[in-house]
Each structure stands twice: as C-alpha cells, then as structure tokens.
Amino acid sequence: MDDKQFSQYDLIIKGKILKVDTDGMKKKITVKVINYFKGNRQSGPVIVSTPAESAACGISPKEGEKWLIFANGTDENYTTSMCTRSKAISSKAENYNKEEARDDVKFLKKKKSK
C-alpha cells in the first residue's frame, strides 16, 4: 500500500462484520468500526454495498470476521468489491493473507498518526 492507493478511496476502516444481507444483485454489509483510517466518522455501524456474487467481483465477508474495508461513495452509499484492497484480517477467513493485511495495517496506522 502507498499514498497513491490510499488516495483512491473515500472510506478506509477496520471493522467487525455484524451482518450481511443479500438484496437482489447486492449485498449490504453492516460493519462495526474499530478504526477509521479515512472517511467521515459515523456514530453507529457503517453500511457498505458489494455485488452479491463473487463472479461480479463481490467480496464475501462472514459475520464475526474482522475486515479492512476500502470503499468509495458517500456516507449513505459506500461500495466495495474484490477490485479494491478490501480484505479479511481474521486468520480463519478463507482469503486471509497475513503479510498483506499486516503491511496494510502498518501503513494505515502510520498514515493516521501523521
């Protein structure tokens, strides 16, 4: 992760997945934010949309997992996909990449402290 990649997103958060609802062609992911790295802080959970199918580049978080979410949009309509840097940071998640997750969190913490 670098400054150029950081600048490509409106919202970057670390959070716990509270709920995943499928509504037609979209999934609505409810995230309890642990850390805001970029974006407007909200008082409650953040809702992020993604395509419902992985074939359409939708991410597949499961309730209880921790994720780094990289999204674009506004407070009312954030979206993410597999084409972003969004990733599971729970070691039991199927797409967990320890090194990449660790490097991203390290960069984001450093960026946040500036």
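The values are calculated or read from the model by the stated rules, or taken from the named source; none is laboratory data. Keep in mind the model is a prediction, meaning the values are calculated, not measured. Methodologically, a virtual Cβ is constructed for each residue, glycine included, from the backbone with ideal geometry; neighbour enumeration extends over all protein chains shown.
Name the pairs whose Cβ atoms lie under 6 Å apart, with the first residue in the range 31-44 and closer than 13 Å to ALA71 by Cβ, the second small (Gly, Ala, Ser), and 6 or more positions between them or separate chains?
Correct list of pairs: VAL31/GLY15; VAL33/GLY15.
Residues being farther than 13 Å from LEU108 by Cβ and surrounded by fewer than 17 Cβ atoms within 10 Å (Cβ to Cβ): count how many of those fall in the range 26-46.
Within the range 26-46, residues that are farther than 13 Å from LEU108 by Cβ and surrounded by fewer than 17 Cβ atoms within 10 Å (Cβ to Cβ) number 9.
Kindly list, by first and then second residue, each pair from a residue in the range 83-108 that is on the phi > 0 side of the Ramachandran plot and surrounded by 14 or more Cβ atoms within 10 Å (Cβ to Cβ) to a residue that is of a type in the set (A, V, I, L, M) and modelled with pLDDT under 85, limited to pairs with Cβ atoms under 7 Å and residues at least 6 apart or on different chains.
Listed by first residue and then by second, the contacts come to nothing, as the list is empty.
Considering (1) touching a residue at least 40 places away in the same chain (Cβ under 8 Å); (2) out of contact with any Leu (no Cβ under 6 Å at 6 or more places or on another chain); (3) under 22 Å from ASN97 (Cβ atoms), say which one LYS14 fails and leave the rest.
(2)
Just to check your reading of the model, which residue among ASP23, ASP75, ASP10 is farther than 24 Å from LYS109 by Cβ and surrounded by fewer than 17 Cβ atoms within 10 Å (Cβ to Cβ)? Write out each step before concluding.
On the way: ASP75 fails: farther than 24 Å from LYS109 by Cβ; ASP10 fails: farther than 24 Å from LYS109 by Cβ.
Within the list ASP23, ASP75, ASP10, the selection yields ASP23.
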